[in-house]
Number of protein chains: 4
Amino acid sequence: MADSPIRVTVWNENVHEQQEEDVRARYPDGIHGAVADGIAGLLGDAVQVRTATLQEPEHGLGQAVLDETDVLMWWGHVAHEEVDDAVVDRVQQAVLGGMGLVALHSAHLAKVLRRLLGTSCNLRWRNDGERELVWTVAPAHPIAAGVPHPIVIDAQEMYGEHFDIPAPDELVFVSSFAGGEVFRGGCCFERGAGRIFYFSPGDQDYPVYHHPDIRRVLANAVEWAAPRLRHTAAGSENAPAGWFEALHR
Amino acid sequence: MADSPIRVTVWNENVHEQQEEDVRARYPDGIHGAVADGIAGLLGDAVQVRTATLQEPEHGLGQAVLDETDVLMWWGHVAHEEVDDAVVDRVQQAVLGGMGLVALHSAHLAKVLRRLLGTSCNLRWRNDGERELVWTVAPAHPIAAGVPHPIVIDAQEMYGEHFDIPAPDELVFVSSFAGGEVFRGGCCFERGAGRIFYFSPGDQDYPVYHHPDIRRVLANAVEWAAPRLRHTAAGSENAPAGWFEALHR
Amino acid sequence: MADSPIRVTVWNENVHEQQEEDVRARYPDGIHGAVADGIAGLLGDAVQVRTATLQEPEHGLGQAVLDETDVLMWWGHVAHEEVDDAVVDRVQQAVLGGMGLVALHSAHLAKVLRRLLGTSCNLRWRNDGERELVWTVAPAHPIAAGVPHPIVIDAQEMYGEHFDIPAPDELVFVSSFAGGEVFRGGCCFERGAGRIFYFSPGDQDYPVYHHPDIRRVLANAVEWAAPRLRHTAAGSENAPAGWFEALHR
Amino acid sequence: MADSPIRVTVWNENVHEQQEEDVRARYPDGIHGAVADGIAGLLGDAVQVRTATLQEPEHGLGQAVLDETDVLMWWGHVAHEEVDDAVVDRVQQAVLGGMGLVALHSAHLAKVLRRLLGTSCNLRWRNDGERELVWTVAPAHPIAAGVPHPIVIDAQEMYGEHFDIPAPDELVFVSSFAGGEVFRGGCCFERGAGRIFYFSPGDQDYPVYHHPDIRRVLANAVEWAAPRLRHTAAGSENAPAGWFEALHR
């Protein structure tokens, strides 16, 4: 798969942008537009990027779209509960079958992330526009390539521990905030054949998705989460004695 | 909590026992009865054991029962889909809040385990009554205390890889079968405040729950999974600046 | 082993205390004395605590002492290189054989910790007497029992990422500092049959080992690291075909 | 680094080949020659492969060689103790600085692997020429790409649990043997900036390194272990307050 472009779909609930003028000013093409622009700008021909939103039929995530998506990025906040369970099922199956998933900021509570992780994914928060420092704790990890240590975000919503997730398979970034809190904000998980990256920076009230280091992390995450395999997840399979010996004849 | 008995509830779908005479002969008190008997026999006053089955109201798992359960053991096979989603929700929340869960054999496909792990939990299988050897790969783990290396089970259903689970937080046992397959049959997970142990030996067609080494593993698992904490899982919480400084005044 | 007291040996290089009056004033019985006092005070009859220092023959860690030690606590800083390699070998073997090890603060560079972990264990540091906040990221972990979230230490040396350790088997605490840095300051490792806990708070220039919450963490760590098994580490063993069948006759 | 060839050095103690005619017949160019041939054959221009042996000055692993090596493969057995400690130090530092290491079969006891992992790395063994089945437990892992499930090796030395290693960061393969034993034979570790893969199949008494599936695993391992970063491991660094703010001016 190395030589064909990575097919990225950036999904956004796209609600704040409809309702709040300041968000629209900050993200005139929507948060999805800014994320898509960042990735396309950094990865160029190595990606094909499209967007999808809650308001579209099947939220823009019909089976055909998922079949043609290597990495799905997900931003949601106020409308998690409006996401149809059938779509959640479909996305979960796609991830188990190998599609990458990059869950952004308030998507910690997205149905599909909670479904894949099994926990509440709750956390502490405070929206005071504090400085966030994003520290790399895994310097050789490809998602941390090319970003400073720390990344400095001048103003952000605070997300703090305890963050109720399973222990991540790899912990890449830990943030601190001006108020003193820490947060495991860059976490890798593998579920089925799919890779999942959760990345906490990014809020509708701050221009975080225009920050060049954050864009670099997102581009790295796309490359990391691109499937090694794509298949429909196997069913439970009866295996008669000696089944594998026949493979080698 | 060290000094009060661990309150164990052994849950069984209890279907094979109703329908198949040979299973009833093997497990006259049901699989739940055999499991409960094994634990009570080994742990004595250190546990209080009760049972619950699918056929009871709320499957015997009302909120009051869960509130009084430290460790829930779960056996299911043909009736996974008959388990009410409201009960599954309740059990998931109890685990996240600290209740231990020991999932047995074909409970790899139990709704609640798949819900907590997020993957399909599919595997390969063959029911030919083969010898299973259960090897300890974590000799210092308390669940492996006091059992031989390997445990020998003369006849069992084969469960083989690939087993579609998240990488376990701790891998304790790996089985091999006469036909050559291997299986990660003793896996620890932590989700929220709860501990989960999946243990594959045990099938309605073989007297595995009468095997003294298997009983020892189950007793060890109960002790390991007993809660360190019991609380309702926290919601997402707003935390005004300096909130924690007040804690220390 | 649950009923006999945990035998704890608190080891200290004991150099700052000899050379610096302010350290002597802060720790009149040495850092080892303060640590030992804290543990004995909290755990009472459940522990037997002794101390040992660099200046004693074999640094106070002869084979007989290690054979009678369940958990070894280790504080060192300026004299790491004066620790005899034969003693390091012996401690490493004891840990692999099941003895617990609690490595404190600047012991991140102790020969024996680097030997057991295999990496440089380097980090960033700054000694400006800053506030350290110790956040729990694993609330159900027994080492975090009974301490506030966060623990507040008014003045401490800063230890910051990147901390060059293997990914810990369990991450319990992450600290933040007034200057903005974060640090994985509470890390569990298992090596052979032994459990290792590294805990960063504690410096000769601050009274951290008199802090009640820090003492609680140390007492919890002793209980956690107490051996499940004690044995001499197995050699590589020839295993003739069918060797295990004989176990069950 | 993606576009320049991966520079591989295959190291072998090269002792059996000198002393035993049957080994020489099986591996006329040495085990190192067969391994190098397999990798070069599969990866072509994507690699530059050279070999080095114990008998060369500095065992063929001078600093200049390591500086020009992206992935070091290591085979040793009877001569582990003849490897100079200065070379072991140098290889360990190179791995921590980002060089990949692929440790083969009896190299489980190589000084450098034990140094990097910190444990005894002991295991059970039996040399009866038994069938080994190599099962993939992480099907989406790149090291498992393109090999059958299971790989069948008609005759091999048995390596069995307990294998005294730290819990691997990723477990890729688990083997079973005709005699019933299991073995975690494909294990990934990360130490410092370097990736380590241990792979158990391969013995001087069997033509395992001519097996096409084993060669595929080795080629995959080279690609996986190729450095994401190359640097000399950082020392402990003093960091004055606000040091990072200057990064962003």
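Among the residues of segment C:93-117, count how many are aliphatic (A, V, I, L, M) and in a helix (DSSP H, G or I). Give the derivation first.
Narrowing segment C:93-117 to residues aliphatic (A, V, I, L, M): C:94-96, C:99, C:101-104, C:107, C:109-110, C:112-113, C:116-117.
Add one more test, that the residue is in a helix (DSSP H, G or I), and what stays is C:94-96, C:107, C:109, C:112-113, C:116-117.
Summing the residues that are aliphatic (A, V, I, L, M) and in a helix (DSSP H, G or I) in segment C:93-117 gives 9.
Could you say whether any residue in segment A:69-84 is out of contact with any Cys (no Cβ under 8 Å at 6 or more places or on another chain), within 30 Å of D:A138 (Cβ to Cβ) and free of Cβ contacts under 8 Å to residues at least 12 places away in the same chain?
No, there is no match, as no residue in segment A:69-84 is out of contact with any Cys (no Cβ under 8 Å at 6 or more places or on another chain), within 30 Å of D:A138 (Cβ to Cβ) and free of Cβ contacts under 8 Å to residues at least 12 places away in the same chain.
In a helix (DSSP H, G or I) and either within 28 Å of C:S175 (Cα to Cα) or not acidic (D, E) (or both): is that true of C:R50 in this structure? Show your work before the answer.
Details: in a helix (DSSP H, G or I): no; either within 28 Å of C:S175 (Cα to Cα) or not acidic (D, E) (or both): yes.
No.
Give the residue, chosen from A:R90, A:R24, that is over 19 Å from the mean Cα position of the chain (by Cα) and in a helix (DSSP H, G or I).
The match here is A:R24.
Restricting to segment D:132-160, name every residue that is more than 10 Å from chain A (Cβ to nearest Cβ) and surrounded by fewer than 18 Cβ atoms within 10 Å (Cβ to Cβ).
Matches in segment D:132-160: D:G146, D:A155.
Evaluate the following for A:G186: is it in contact with a Phe, Trp or Tyr (Cβ under 9 Å, 6 or more places away or on another chain) and in a strand (DSSP E or B)?
Working: in contact with a Phe, Trp or Tyr (Cβ under 9 Å, 6 or more places away or on another chain): yes; in a strand (DSSP E or B): yes.
Taking the combined requirement at face value, the residue satisfies it.
If we keep just the residues of segment C:84-131 that are among the charged types (D, E, K, R) and over 23 Å from D:E190 (Cβ atoms), which is farthest from the other protein chains (Cβ to nearest Cβ)?
From segment C:84-131, those among the charged types (D, E, K, R) are C:84-85, C:89-90, C:111, C:114-115, C:124, C:126, C:128, C:130-131; that's our starting set.
Keeping just the survivors that are over 23 Å from D:E190 (Cβ atoms) gives C:84-85, C:89-90, C:126, C:128, C:130-131.
Values: C:D84: 17, C:D85: 11, C:D89: 12, C:R90: 14, C:R126: 5, C:D128: 6, C:E130: 8, C:R131: 8 Å.
That would be C:D84.
Those residues that are in a strand (DSSP E or B) and either more than 9 Å from chain C (Cβ to nearest Cβ) or not charged (D, E, K, R) (or both), I need them from segment A:168-182; list them, please.
Of everything in segment A:168-182, those that are in a strand (DSSP E or B) and either more than 9 Å from chain C (Cβ to nearest Cβ) or not charged (D, E, K, R) (or both) turn out to be A:L171, A:V172, A:F173, A:V174, A:S175, A:S176, A:F177, A:V182.
Please go through segment A:11-26 and give me each residue that is within 12 Å of A:D205 (Cβ to Cβ), of a type in the set (D, E, K, R) and loosely packed, with under 13 Cβ neighbours inside 10 Å, ordered by number.
Selection gives A:D22 alone.
Cβ-Cβ below 7 Å, separation at least six or inter-chain, first residue in segment C:121-143 and farther than 21 Å from B:A225 by Cβ, second among the charged types (D, E, K, R) and modelled with pLDDT under 95: which pairs?
C:R124/D:E237
When segment A:171-189 is examined, which residues are found to be surrounded by fewer than 21 Cβ atoms within 10 Å (Cβ to Cβ) and touching a His at 6+ places or on another chain (Cβ under 9 Å)? Walk me through how you get there before you give the answer.
To start, the set of residues in segment A:171-189 that are surrounded by fewer than 21 Cβ atoms within 10 Å (Cβ to Cβ) comprises A:178-179, A:188.
Residue satisfying the conditions is A:C188 alone.
Restricting attention to segment B:63-85, does a residue exist that is under 18 Å from the mean Cα position of the chain (by Cα), in a strand (DSSP E or B) and surrounded by fewer than 19 Cβ atoms within 10 Å (Cβ to Cβ)?
Looking for residues that are under 18 Å from the mean Cα position of the chain (by Cα), in a strand (DSSP E or B) and surrounded by fewer than 19 Cβ atoms within 10 Å (Cβ to Cβ), one finds none in segment B:63-85, hence no.
Can you find a residue that is assigned to a loop (DSSP other than H, G, I, E, B), modelled with pLDDT under 95 and not aromatic (F, W, Y) anywhere in segment A:213-228? Before you say what the answer is, go through the steps one by one.
Start the filter on segment A:213-228 by keeping residues that are assigned to a loop (DSSP other than H, G, I, E, B), which leaves A:226-228.
Then drop every residue that is not modelled with pLDDT under 95, which leaves A:227-228.
Keeping just the survivors that are not aromatic (F, W, Y) gives A:227-228.
Yes, there is a match, as at least one residue in segment A:213-228 is assigned to a loop (DSSP other than H, G, I, E, B), modelled with pLDDT under 95 and not aromatic (F, W, Y).
For A:R195, only one of the following conditions fails: (1) within 9 Å of another protein chain (Cβ to nearest Cβ); (2) modelled with pLDDT of 95 or more; (3) under 21 Å from A:V35 (Cα atoms); (4) in contact with an Asp or Glu (Cβ under 7 Å, 6 or more places away or on another chain). What is its number?
(4)
Quick check on my filter: what residues within segment B:192-245 are farther than 30 Å from B:A79 by Cα and either surrounded by 22 or more Cβ atoms within 10 Å (Cβ to Cβ) or of a type in the set (G, A, S) (or both)?
B:A234, B:G235, B:S236, B:A239, B:A241, B:G242 - these are the residues of segment B:192-245 that are farther than 30 Å from B:A79 by Cα and either surrounded by 22 or more Cβ atoms within 10 Å (Cβ to Cβ) or of a type in the set (G, A, S) (or both).
When only residues in segment A:27-42 that are crowded, with 20+ Cβ neighbours inside 10 Å and assigned to a helix (DSSP H, G or I) count, which is farthest from the chain's Cα centre (by Cα)? Quick ask: steps written out before the conclusion?
Residues of segment A:27-42 that are crowded, with 20+ Cβ neighbours inside 10 Å, as a first pass: A:27, A:30-32, A:34-36, A:38-39.
From what is left, the residues that are assigned to a helix (DSSP H, G or I) are A:30-32, A:34-36, A:38-39.
On the way: A:G30: 16, A:I31: 13, A:H32: 12, A:A34: 14, A:V35: 11, A:A36: 12, A:G38: 14, A:I39: 13 Å.
Among them, the one singled out is A:G30.
Pairs, please: C-beta under 7 Å, at least 6 apart or cross-chain, first residue closer than 24 Å to A:G62 by Cβ and in segment A:10-23, second surrounded by fewer than 23 Cβ atoms within 10 Å (Cβ to Cβ) and charged (D, E, K, R)?
The qualifying pairs are A:E17/A:R24.
Just one of the numbered conditions (1) surrounded by fewer than 20 Cβ atoms within 10 Å (Cβ to Cβ); (2) under 27 Å from A:I214 (Cα atoms) is not true of A:Q93; which one?
Single failed check for A:Q93: (2).
Restricting to segment B:153-173, name every residue that is touching a residue at least 40 places away in the same chain (Cβ under 8 Å) and among the aliphatic types (A, V, I, L, M).
B:I153, B:A155, B:I165
Go through (1) crowded, with 24+ Cβ neighbours inside 10 Å; (2) within 16 Å of the chain's Cα centre (by Cα); (3) of a type in the set (V, I, T) for B:I165 and report which single condition fails.
Unmet condition: (1).
The values are calculated or read from the model by the stated rules, or taken from the named source; none is laboratory data. Treat the numbers as computed from the prediction; the structure is a model and nothing was measured. Note that each Cβ is placed from the backbone with ideal geometry, even for glycine, and that neighbours are counted across all protein chains shown.
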